[in-house]
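Peer 1: Pasting in a structure now, in structure tokens, and then I'll have a few things to ask.
Bear in mind these aren't lab numbers, they're just calculated from the coordinates by the rules spelled out. Bear in mind the structure is a predicted one, so any value in this text is a computation, not a measurement. Every residue, glycine among them, receives a Cβ derived from its backbone with ideal geometry; neighbour counts consider all protein chains shown.
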Amino acid sequence: MLSKIISHVCKLIGFYDFICLMIIGKGFLLIVLIFCSSILIGQASTQKKEALLILPGLGSRVNGVGALKRYYKKADMPVYIAHYISRKSIKKSVENFDKYYKKHHLADYQELHVMAYIIGSWTLNQWINEHGKGNIKSILYDRSPLQERAPAILIKDMRLVNFLLFGKTTQDLIDTPYPVVTDSSIVKGIFIETFATNLVRKHQKTALSLGPINWNPEALQQPYADVTYMPMNHDQMYTMPQSFGAEVFYFIRNRHFSPSIKKNAPVENPFIKLKK
């Protein structure tokens, strides 16, 4: 019965067929196991000079991290893709991240660079505010004025889907103010997505009921060294890393984004349907 319900809601919101098939075939437990794996890719470093840590967000429950894994496998430094998101709360996600950081001896690296998706930004910043920056040298935040309305959409329009995939964490994300990191010794950049995912596009009315979309980087409440707009939606930040991955390493090396990507700007109609 549960498998039939999950299959139905997957079709309703346009999740990938392979996600639905895996759930149907093995039950809900399998999707939990898929995202519980800790992934280390890229080139190993015996000297542990530097590494990249990726903190996926709730979108990884839909899009997976397979494309990220394949892309960053070619990286010239170790790349960790962490599992840390709790179904219970942001606080529990912070605790999970702290355990991950210690388990994988990330403090042993001279410099740790982080790319944090939306809930990853909340989690990482709270961890820094509680534990200090440690060896974190730079942070790339993936933010979206549109996708950050997705939790409210799920709570208002899709309660069953939200419960099955994300539990109580979605509501906690809505209720938790953004924990700002002001430490200027950490080089911070922000990717701002400019298109809506299918979820936000199909629930445009609910999204816009939350107020005007503010494309001003200052509205994100995160001090930064550099910022750039990305002509992508949130799903594509999981499925098309080849479109931005080189920019991640450019930022790490140069402490700012490349001139070519800085030409991007917010689009006139962010609700145009894009390919995943």
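Peer 1: Under a plain spin-label model, where a point goes 7 Å from the Cα along Cα-to-Cβ, how far apart in nm are residue 157 and residue 273?
Peer 2: Simple spin-label model gives 1.4 nm for this pair.
Peer 1: Amide H neighbours of residue 111 under 5 Å, counting only residues 5+ apart in sequence or on other chains, H built in-plane at 1.01 Å?
Peer 2: 50, 51
Peer 1: Need the list of lysines near residue 137 for cross-linking: C-alpha distance under 18 angstrom, and skip anything on the same chain fewer than eight residues off.
Peer 2: Cross-link targets: 48, 49, 102, 188.
Peer 1: Exposure proxy check: 149, 61 ranked by fewest other beta carbons within 10 Å?
Peer 2: If I rank by nearby Cβ atoms, fewest first, I get 61, 149.
Peer 1: Considering amide H positions built from the backbone, and no H for Pro or chain starts, which residues 5 or more places from residue 139, or on another chain, come under 5 Å of its amide H?
Peer 2: 114, 187, 188, 189
Peer 1: Starting with the highest mean, order 210-216, 88-94 by the number of other Cβ atoms within 10 Å, averaged over the residues of each peptide.
Peer 2: 88-94, 210-216
Peer 1: What FRET efficiency, computed as 1/(1 + (r/R0)^6) with R0 = 30 Å and r the Cβ-Cβ distance, is obtained for residue 47 and residue 224, rounded to the nearest 0.05?
Peer 2: 0.50
Peer 1: How many angstrom separate the Cα center of the stretch 233-271 from the Cα center of the stretch 88-111?
Peer 2: So the separation of the two Cα centres works out to 26 Å.
Peer 1: Going highest first, how would you order 63-71, 259-267 by mean Cβ packing within 10 Å?
Peer 2: Sorting 63-71, 259-267 by mean packing, highest first, produces 63-71, 259-267.
Peer 1: Given a Förster distance of 30 Å, report the FRET efficiency between residue 262 and residue 107 from their Cβ-Cβ distance, rounded to the nearest 0.05.
Peer 2: 0.35
Peer 1: Further question on the same structure: Can you put 142, 183, 226, 172 in order of Cβ neighbours within 10 angstrom, beginning with the fewest?
Peer 2: 183, 226, 172, 142
Peer 1: Pop a pseudo-label 7 angstrom from the Cα along the beta-carbon direction at both residue 210 and residue 186 and give the gap in nm to one decimal.
Peer 2: Here the modelled spin labels are 2.3 nm apart.
Peer 1: Still on this structure, I have one more. Considering only DSSP beta bridges where both residues belong to the stretch 37-263, give the percentage that are antiparallel (nearest 5).
Peer 2: 10 percent
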